[in-house]
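A short worksheet on the structure shown next.
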Amino acid sequence: MEYKKNDIVRITIEDIGNDGEGIGKADGYTLFVKDAVIGDVIEARITKCKKNYGYARVEKVATPSPFRVEPKCAFHRQCGGCQIQAMGYERQLAYKQNKVCNHLQRIGGFAPKLIDTVMEPIVGMEEPWHYRNKAQYPVGYDRAGNLVAGFYAGRTHDIIANTDCPLGSPENQVILEAVLSYMRENGVSAYLESTGEGLVRHVLIRTGFTSGEIMVCLVINGKRLPEEDKLVERLTGLLLEGTVLAGDSGQSAADDEVSAGVCEQSVQMEGREIPCKRIVSISVSVNREKTNVIMGQEIRVLWGRGWIEDSLRVLDSTDFGTAGRADEGTGNEERITFRISPLSFYQVNPRQTEKLYCLALEYAGLTGQETVWDLYCGIGTISLFMAKRARKVYGVEVIPQAIEDAKENARRNGITNAEFLVGKAEEVLPGFYKGNGASDEQMRHPDVIVVDPPRKGCDEKCLETMLAMQPKRIVYVSCDPATLARDLKVLRGGGYELKRARAVDQFGHTGHVEVIIMMQYCGKEKN
């Protein structure tokens, strides 16, 4: 039967796609259906037809899947953020584990038997809500011309007015409402993509889960905000459930020693010690370009300081417990503190990041004698974990401000065996391999190379140089299993054997998953 747009079909969802969409067949014709859960029997409306497959949306769930749950967010179907919120969390973990294994087999070319051997249980979350320490909210207007902030609807730039995302920090809603009130009262316009006019484009909020420190940064299409002092006054006067967000503690936010003392204040909530949250940084980011890039490069501090601090525990992977979940720990674990600026890359899920980075440390197999290269190092998060156990660590990052933060992070933690270099990994690494500026022969032939590249994966030249350097082990941290599998195929062809692999759920209720693998040099292709 030939189907067309707007046809209604009844199908059973039999599989899940790479982005979390349900997959079912109508008379052999494959349909990808957003918000459908494996096991659902649904009535679906076809929205787009291709020759051999099509796309559809759920019109009615005739028979719910046993894996279907009631979503916490009322906007989950419209929003482009939580693709699989209607799926039970345990089934989400199974889906992500299978997704990684499938990519390793289909794209990487690894044998199923090998994957079964090296793949460890996925590391899940104890609480898969309110885990994001960073959120970027677009600001605009609804159809009635009212000022709104929220999230883009899936595959569009239409803003869904929602200041209370269940994945973000609870205080974000209060902060956003304060910003919108300031804008309304002072006639501050929102940016319009269609015309390039208007002022406020986005609101960035970052929260230190351990420190309680909060950063608010408005991205603006201009040099200044009208009545900036009124924005500062409104934000520094906020309260959230009796916990100070700014106020008295904010007055000394620029003073590290005073701020550090305030950081130690905490409250008991649900049996856990929670740091008192307060705003310590209010800034603007100037972005006057017609672009989808959110942040501009010029940052101007309006109040407080230009960064927040947070820390990560150095855990043992044996703390992960049943099904890959981590125990709370003893509270006496070693910690590493990081300075985080508006432009810094810092993992959005700190509790899972602790587990991810400690797996990286375990996979590196360090004894204290090794030289390590950390490529795409950001503000030095993985580098400083490695420096705790290595002889020497070299970190590479293309963003100068991130490298400055990495150096400052090393200084604040008393780490002297980490050196940070500005530049593209695909340019810096080959340069040092050829001996340009290498002060140590072990720089040219490190024991371990760690890579944590962006979603597009490693540059081809970077992979070639890694193979030429022939480190004993390569630890690859990836936010995209497909590009990871592609790059592992290259490393495998250069003599590396896949030894360990593990998925970490950094992004609950979405189709995304983080993966960490370890490859070991064996001198010939064995996989």
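The values are calculated or read from the model by the stated rules, or taken from the named source; none is laboratory data. All values reported here derive from a predicted model rather than from experimental measurement. Positions of Cβ are generated from backbone atoms using ideal geometry, with glycine treated the same way; all protein chains shown enter the neighbour counts. We work out accessible area using only protein heavy atoms, side chains counted, and drop any ligands, DNA or RNA first. Shrake-Rupley method; radii C 1.70, N 1.55, O 1.52, S 1.80 Å.
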Legend entry - region 292-308, subset hydrophobic (A, V, I, L, M, F, W, C) and assigned to a loop (DSSP other than H, G, I, E, B), residue surrounded by the fewest Cβ atoms within 10 Å (Cβ to Cβ): Val293
Inset, instruction - Consider only pairs whose beta carbons are under 6 Å apart and that are at least six residues apart or on different chains; among these, list those whose first residue lies in region 439-466 and is at positive phi and β-branched (Val, Ile, Thr) and whose second residue is part of a loop (DSSP other than H, G, I, E, B) and open to solvent by 10 Å² or more (accessible area, probe 1.4 Å). - result: none
Inset, instruction - Go through region 6-19 residue by residue and tally those that are closer than 17 Å to Pro64 by Cα and either open to solvent by less than 30 Å² (accessible area, probe 1.4 Å) or part of a loop (DSSP other than H, G, I, E, B) (or both). - result: 4
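Restricting attention to region 500-518, does a residue exist that is farther than 19 Å from Ile449 by Cα and of a type in the set (Asp, Glu)?
Taking region 500-518 first, the residues farther than 19 Å from Ile449 by Cα are 503-513.
So of that shortlist, the ones also of a type in the set (Asp, Glu) come out as 505.
Yes, region 500-518 contains a residue that is farther than 19 Å from Ile449 by Cα and of a type in the set (Asp, Glu).
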Inset, instruction - Report yes if Met466 is open to solvent by less than 10 Å² (accessible area, probe 1.4 Å), in contact with a Ser or Thr (Cβ under 9 Å, 6 or more places away or on another chain) and farther than 24 Å from Thr353 by Cα, otherwise no. - result: no
Inset, instruction - Mind listing whichever residues of region 498-527 are open to solvent by 40 Å² or more (accessible area, probe 1.4 Å) and not in a loop (DSSP other than H, G, I, E, B)? - result: Lys499, Arg500, Gln520, Tyr521
Legend entry - Those residues of region 349-386 which are among the hydrophobic types (A, V, I, L, M, F, W, C), open to solvent by less than 10 Å² (accessible area, probe 1.4 Å) and without any contact (Cβ under 8 Å) to a residue 60 or more places away in the chain, in sequence order: Cys358, Ile379, Leu384
Inset, instruction - Would you be able to tell me the number of residues in region 119-133 that are buried (at least 20 other Cβ atoms within 10 Å of the Cβ) and either in a helix (DSSP H, G or I) or charged (D, E, K, R) (or both)? - result: 1
Legend entry - Those residues of region 38-67 which are over 23 Å from Lys96 (Cβ atoms) and either touching a residue at least 40 places away in the same chain (Cβ under 8 Å) or touching a Gly at 6+ places or on another chain (Cβ under 7 Å) (or both), in sequence order: Ile46, Thr47, Lys48, Cys49, Gly54, Ala56, Glu59, Ala62
Inset, instruction - Give me a count of the residues in region 78-117 that are assigned to a loop (DSSP other than H, G, I, E, B) and under 17 Å from Ile517 (Cβ atoms). - result: 5
Legend entry - Scan of region 172-190 for residues that are part of a loop (DSSP other than H, G, I, E, B) and either crowded, with 21+ Cβ neighbours inside 10 Å or of a type in the set (Val, Ile, Thr) (or both), ordered by number: Val188
Inset, instruction - Scan region 155-171 and give yes if some residue there is part of a helix (DSSP H, G or I) and of a type in the set (A, V, I, L, M, F, W, C), otherwise no. - result: no
Legend entry - Gly54 vs. criteria small (Gly, Ala, Ser), in contact with a Cys (Cβ under 9 Å, 6 or more places away or on another chain) and surrounded by 18 or more Cβ atoms within 10 Å (Cβ to Cβ): no
Inset, instruction - Please tell me if Gly150 is under 30 Å from Val219 (Cα atoms), part of a loop (DSSP other than H, G, I, E, B) and in contact with a Phe, Trp or Tyr (Cβ under 9 Å, 6 or more places away or on another chain). - result: no
Inset, instruction - Check off (1) modelled with pLDDT of 95 or more; (2) open to solvent by 70 Å² or more (accessible area, probe 1.4 Å) for Ala74 and give me the number that stays unchecked. - result: (1)
Legend entry - Scope region 7-56; condition farther than 27 Å from Cys479 by Cα and among the basic types (Lys, Arg); matching residues: Arg10, Lys25, Arg45, Lys48, Lys50, Lys51
Inset, instruction - Kindly indicate whether any position in region 400-417 is open to solvent by 20 Å² or more (accessible area, probe 1.4 Å), touching a Gly at 6+ places or on another chain (Cβ under 7 Å) and closer than 24 Å to Cys358 by Cα. - result: no
